[in-house]
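This report refers to the structure that appears directly beneath it.
The values are calculated or read from the model by the stated rules, or taken from the named source; none is laboratory data. Because the structure is predicted, anything quoted here is derived from the model rather than measured. Here the Cβ positions follow ideal geometry from the backbone for every residue, glycine too, while neighbour counts run over all protein chains shown.
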């Protein structure tokens, strides 16, 4: 692997809440991201998967400097972004950009598609000629599969999928090196999801982008990622090469996520549903379980899991997992190999 | 027209249109289907396919600028043209609906108890105490832990998945004969989605209740329904049993929908199959087949309006290229020969299958 462009080390971000109750003020701590580490090479795609509340979006915000972590480092080309001042960080955003989940809500309804896509150019290059901005905007529209003659249309004149294309064009107009996509397809129809995933794949190859693709569904990231990280309640549970992770998940939570994926095959879907043992909801993030954070929902939990927090460790030369029993469990779910 | 006694709901020639500043928009354009007692039917389609407006019209819940025509008979009783008062005798009691977003469908100011007992007290004339006991029982049926405790809580104290369970429990309160669920798991995490789907699957097996499930994702309904209707641009394009649709899809749109699902159970990680273009703009549909400009198999003949064909087994297909030879039985209405239908093709008779 080439040198990583992004290196996240022990990133920890806690939110403090006063409990909301006027009479019983006690500080409560929500561990949104808790000691997460990973590397990302140039041109590589990392998929980050987890349920709502797993901390995946907070992690994205922390990398972008939109939220301040309490501990840990975000090394971008060797430079720690968490130590940069506001203006220095702003300039780094030329290199690191984000695509948001809700394509319609994240676009200003009063701006034309062209103005939305070109805005980062006029912000970062105030002396750029209007003509040049427009030319580049049209180029971007073409690149993401929009018609350049739609440049003067407003967001409401586009469908959800087209709005997401506008969001992607805007995020790429500055030629970033890293693109973070935070659930870019979950608000879209299945038929359109595939278009957007394919588009991101193509752009990533063409532009040599490093990509972080966040989703709550393992099947969505499968088509785009080189490596996948699974998060649960702010922690990283498993991080591995795609091939290995999908054919033999090491963490029970990963295998539960795999069994939850809807499969368009009635017989197989029935079988997976029968085998799905994951029950209940995620525990309250204000009172996270002691020991392994997943032990309350894990059928494989033993005494040790209630007492000791499993460290993220590497199994042999392979993948990373935070489970005491990773060696002994066989969690493959019996799907055809990739 | 005779009513099949086994049919709980019979919908005929249903049309829904909206009066908009840009003119009239037809969201549902002549849809026929029936739901038999105890059966689970899935209605599948993209945004703009008309699937939600179809059931809202049946429930009498269209927006103010919407109007519906056609027929929807529930237990032999015509729902179209009923007054709100008459509808209220049926809705919530024999015919219940749960909506996509469980947060906005629950009143944030009232406890779950208040919201649940109201329905039972109104429709089943129960006392508050009886209604409460019944509500607790329903919450238990949808697997909410500590229902006695939790019924006293407000919606914000529940997680998304739990709220959707509450919605399902509310729908079940009066033991309806038909439950309509509009994208019940779309806003939820896959893990919770799997739990809700499993719950619906269990309800389907345990009770005599019929269910209509509406979704944009075919994969979600794979193991919980008996029959599937695929809609595109306000019309039915294919229908059949669950095995027909998943193992032998015939309409190119159905095949496209199936192929665009990202799959864990398939080798390869190459390009996903995507359906070209965007969900249909109902005001600018192409002439002939509405799916024509997104279809990989489109031919010159597709500029002619395709009829909906139904075979003896009840499968139907609206692809002009998929027209089988010989006599076609339109099982719900009448028998028609290919020749007769051929004469109709190209005359713009889009609703030929709904004509009595």
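Of all residues in the stretch A:301-317, count the ones that are in contact with a helix residue (DSSP H, G or I) (Cβ under 6 Å, 6 or more places away or on another chain) and surrounded by fewer than 16 Cβ atoms within 10 Å (Cβ to Cβ).
Residues that pass the stated criteria total 1.
Taking the options A:211, A:188, A:174, name whichever one is under 21 Å from residue A:118 (Cβ atoms) and touching a residue at least 12 places away in the same chain (Cβ under 8 Å). I'd like the intermediate steps shown before the answer.
Values: A:211 fails: under 21 Å from residue A:118 (Cβ atoms); A:188 fails: under 21 Å from residue A:118 (Cβ atoms).
After ruling out the rest, the residue left standing is A:174.
Name the strands (runs of 3 or more DSSP E) wholly within the stretch A:1-86 that hold at least 2 residues that are at pLDDT below 90? Outline the logic, then answer.
Details: elements: A:4-17, A:28-41, A:45-49, A:71-76.
Where strands (runs of 3 or more DSSP E) fall fully within the stretch A:1-86 and carry at least 2 residues being at pLDDT below 90, they are A:4-17, A:28-41.
Anything in the stretch A:142-153 that is buried (at least 16 other Cβ atoms within 10 Å of the Cβ) and not in a helix (DSSP H, G or I)? List them, or say none.
A:144, A:145, A:146, A:151, A:153 - these are the residues of the stretch A:142-153 that are buried (at least 16 other Cβ atoms within 10 Å of the Cβ) and not in a helix (DSSP H, G or I).
Could you please let me know if residue B:143 is buried (at least 20 other Cβ atoms within 10 Å of the Cβ), touching a residue at least 24 places away in the same chain (Cβ under 8 Å) and within 11 Å of chain A (Cβ to nearest Cβ)?
Numbers: buried (at least 20 other Cβ atoms within 10 Å of the Cβ): no; touching a residue at least 24 places away in the same chain (Cβ under 8 Å): yes; within 11 Å of chain A (Cβ to nearest Cβ): yes.
No, not satisfied.
The rows are residues; the columns are (1) touching a strand residue (DSSP E or B) at 6+ places or on another chain (Cβ under 7 Å); (2) crowded, with 22+ Cβ neighbours inside 10 Å; (3) under 19 Å from residue A:176 (Cβ atoms).
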site: A:73; (1), (2), (3): yes, no, no
site: A:81; (1), (2), (3): yes, no, yes
site: A:91; (1), (2), (3): no, no, yes
site: A:94; (1), (2), (3): no, no, yes
site: A:108; (1), (2), (3): no, no, no
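If I filter the stretch B:204-217 for residues that are under 29 Å from residue B:244 (Cα atoms), at the interface with another protein chain (Cβ under 8 Å from one of its Cβ atoms) and crowded, with 21+ Cβ neighbours inside 10 Å, do I get at least one hit? It would help to see each step written out before you state the result.
Keep residues of the stretch B:204-217 that are under 29 Å from residue B:244 (Cα atoms), which gives B:204-217.
Okay, now just the ones that are also at the interface with another protein chain (Cβ under 8 Å from one of its Cβ atoms), so B:216-217.
Those still in the list that are crowded, with 21+ Cβ neighbours inside 10 Å too: B:216-217.
Among the residues of the stretch B:204-217, at least one is under 29 Å from residue B:244 (Cα atoms), at the interface with another protein chain (Cβ under 8 Å from one of its Cβ atoms) and crowded, with 21+ Cβ neighbours inside 10 Å, which makes the answer yes.
For the stretch B:274-310, give me the residue count where each residue is buried (at least 18 other Cβ atoms within 10 Å of the Cβ), within 14 Å of chain A (Cβ to nearest Cβ) and either part of a loop (DSSP other than H, G, I, E, B) or on the phi > 0 side of the Ramachandran plot (or both).
Final tally of qualifying residues: 8.
So which helices (runs of 4 or more DSSP H) are wholly in the stretch A:167-263 and hold at least 2 residues that are in contact with a helix residue (DSSP H, G or I) (Cβ under 9 Å, 6 or more places away or on another chain) and under 26 Å from residue A:282 (Cα atoms)?
On the way: elements: A:190-207, A:218-222, A:242-247, A:252-260.
Those helices (runs of 4 or more DSSP H) span A:218-222, A:242-247, A:252-260.
Examine the stretch B:183-192 for a residue that is surrounded by fewer than 22 Cβ atoms within 10 Å (Cβ to Cβ), touching a residue at least 60 places away in the same chain (Cβ under 8 Å) and under 12 Å from residue B:97 (Cβ atoms), and state whether such a residue exists.
Within the stretch B:183-192, one or more residues are surrounded by fewer than 22 Cβ atoms within 10 Å (Cβ to Cβ), touching a residue at least 60 places away in the same chain (Cβ under 8 Å) and under 12 Å from residue B:97 (Cβ atoms).
Checking residue A:165 against (1) crowded, with 20+ Cβ neighbours inside 10 Å; (2) at pLDDT below 95; (3) within 13 Å of chain B (Cβ to nearest Cβ), which test does it fail?
(2)
Please give the number of the condition residue B:255 fails out of (1) within 21 Å of the chain's Cα centre (by Cα); (2) away from chain A (no Cβ under 14 Å).
For residue B:255, the failing item is (2).
Would you check if residue B:112 is touching a strand residue (DSSP E or B) at 6+ places or on another chain (Cβ under 8 Å) and either within 22 Å of residue B:133 (Cα to Cα) or at pLDDT 95 or above (or both)? Walk me through how you get there before you give the answer.
Values: touching a strand residue (DSSP E or B) at 6+ places or on another chain (Cβ under 8 Å): no; either within 22 Å of residue B:133 (Cα to Cα) or at pLDDT 95 or above (or both): yes.
Here the answer is no, as residue B:112 does not meet what is asked.
Enumerate the pairs (first residue in the stretch A:233-258 and at the interface with another protein chain (Cβ under 10 Å from one of its Cβ atoms); second residue anywhere and at pLDDT below 95 and part of a helix (DSSP H, G or I)) with beta-carbon separation below 7 Å, excluding pairs fewer than 6 apart on the same chain, so at least 6 apart or on different chains.
A:242/A:222; A:246/A:222; A:256/B:191; A:257/A:218; A:257/B:190; A:257/B:191; A:258/A:218
The rows are residues; the columns are (1) within 14 Å of chain A (Cβ to nearest Cβ); (2) buried (at least 18 other Cβ atoms within 10 Å of the Cβ); (3) under 17 Å from the mean Cα position of the chain (by Cα).
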site: B:38; (1), (2), (3): no, no, yes
site: B:46; (1), (2), (3): yes, yes, yes
site: B:58; (1), (2), (3): no, yes, yes
site: B:65; (1), (2), (3): no, no, no
site: B:72; (1), (2), (3): no, yes, yes
site: B:82; (1), (2), (3): no, no, no
site: B:91; (1), (2), (3): no, yes, yes
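Please find, within the stretch A:266-288, the residue that is farthest from residue A:28 (Cα to Cα) out of those that are surrounded by 17 or more Cβ atoms within 10 Å (Cβ to Cβ) and in contact with a helix residue (DSSP H, G or I) (Cβ under 9 Å, 6 or more places away or on another chain).
Residues of the stretch A:266-288 that are surrounded by 17 or more Cβ atoms within 10 Å (Cβ to Cβ), as a first pass: A:266, A:268-269, A:272-273, A:276, A:278, A:281-282, A:285, A:288.
From the residues that got through so far, the ones that are in contact with a helix residue (DSSP H, G or I) (Cβ under 9 Å, 6 or more places away or on another chain) too are A:266, A:269, A:272-273, A:276, A:278, A:281-282.
On the way: A:266: 45, A:269: 41, A:272: 38, A:273: 37, A:276: 33, A:278: 28, A:281: 20, A:282: 18 Å.
My answer is A:266.
Might you check whether a residue that is surrounded by fewer than 22 Cβ atoms within 10 Å (Cβ to Cβ) and within 8 Å of another protein chain (Cβ to nearest Cβ) occurs anywhere in the stretch B:239-246? I'd like the intermediate steps shown before the answer.
Step one: filter the stretch B:239-246 for residues surrounded by fewer than 22 Cβ atoms within 10 Å (Cβ to Cβ), giving B:241-244.
Next, only the ones that are within 8 Å of another protein chain (Cβ to nearest Cβ) stay: B:242-243.
Scanning the stretch B:239-246, I find at least one residue that is surrounded by fewer than 22 Cβ atoms within 10 Å (Cβ to Cβ) and within 8 Å of another protein chain (Cβ to nearest Cβ), so the answer is yes.
Take the stretch A:284-311 and flag every residue that is in a loop (DSSP other than H, G, I, E, B), within 14 Å of another protein chain (Cβ to nearest Cβ) and either touching a strand residue (DSSP E or B) at 6+ places or on another chain (Cβ under 6 Å) or at pLDDT 85 or above (or both). Break it down into steps so the answer makes sense when it comes.
Step one: of the stretch A:284-311, the residues in a loop (DSSP other than H, G, I, E, B) are A:284-294, A:298-302, A:308-311.
Restricting the remaining residues to those that are within 14 Å of another protein chain (Cβ to nearest Cβ) gives A:284-286, A:294, A:298.
Those that are in a loop (DSSP other than H, G, I, E, B), within 14 Å of another protein chain (Cβ to nearest Cβ) and either touching a strand residue (DSSP E or B) at 6+ places or on another chain (Cβ under 6 Å) or at pLDDT 85 or above (or both): A:285, A:286, A:294, A:298.
Among the residues of the stretch B:217-262, what is the count of those that are within 21 Å of residue A:188 (Cβ to Cβ), touching a residue at least 24 places away in the same chain (Cβ under 8 Å), part of a loop (DSSP other than H, G, I, E, B) and touching a helix residue (DSSP H, G or I) at 6+ places or on another chain (Cβ under 6 Å)?
At the first step, the residues of the stretch B:217-262 found to be within 21 Å of residue A:188 (Cβ to Cβ) are B:217-222, B:230-234, B:237, B:252-262.
Then drop every residue that is not touching a residue at least 24 places away in the same chain (Cβ under 8 Å), which leaves B:217-222, B:230-234, B:237, B:252-254, B:256-258, B:261.
The next check asks that each one be part of a loop (DSSP other than H, G, I, E, B); those that pass are B:217, B:222, B:233-234, B:261.
After this cut, where a residue has to be touching a helix residue (DSSP H, G or I) at 6+ places or on another chain (Cβ under 6 Å) as well, the list is B:217, B:222, B:261.
Summing the residues that are within 21 Å of residue A:188 (Cβ to Cβ), touching a residue at least 24 places away in the same chain (Cβ under 8 Å), part of a loop (DSSP other than H, G, I, E, B) and touching a helix residue (DSSP H, G or I) at 6+ places or on another chain (Cβ under 6 Å) in the stretch B:217-262 gives 3.
Quick check: anything in the stretch B:162-183 modelled with pLDDT under 90 and at the interface with chain A (Cβ under 8 Å from one of its Cβ atoms)?
The answer is yes, given that some residue of the stretch B:162-183 is modelled with pLDDT under 90 and at the interface with chain A (Cβ under 8 Å from one of its Cβ atoms).
Restricted to the stretch A:184-208, and to residues that are surrounded by 21 or more Cβ atoms within 10 Å (Cβ to Cβ) and touching a strand residue (DSSP E or B) at 6+ places or on another chain (Cβ under 8 Å), which residue is farthest from residue B:219 (Cα to Cα)?
Ranking the candidates gives A:200 first.
Consider residue A:127 against the criteria (1) part of a loop (DSSP other than H, G, I, E, B); (2) closer than 25 Å to residue A:206 by Cα; (3) out of contact with any helix residue (DSSP H, G or I) (no Cβ under 9 Å at 6 or more places or on another chain): it satisfies all of them except one. Which criterion is unmet?
Unmet for residue A:127, out of (1) part of a loop (DSSP other than H, G, I, E, B); (2) closer than 25 Å to residue A:206 by Cα; (3) out of contact with any helix residue (DSSP H, G or I) (no Cβ under 9 Å at 6 or more places or on another chain): (2).
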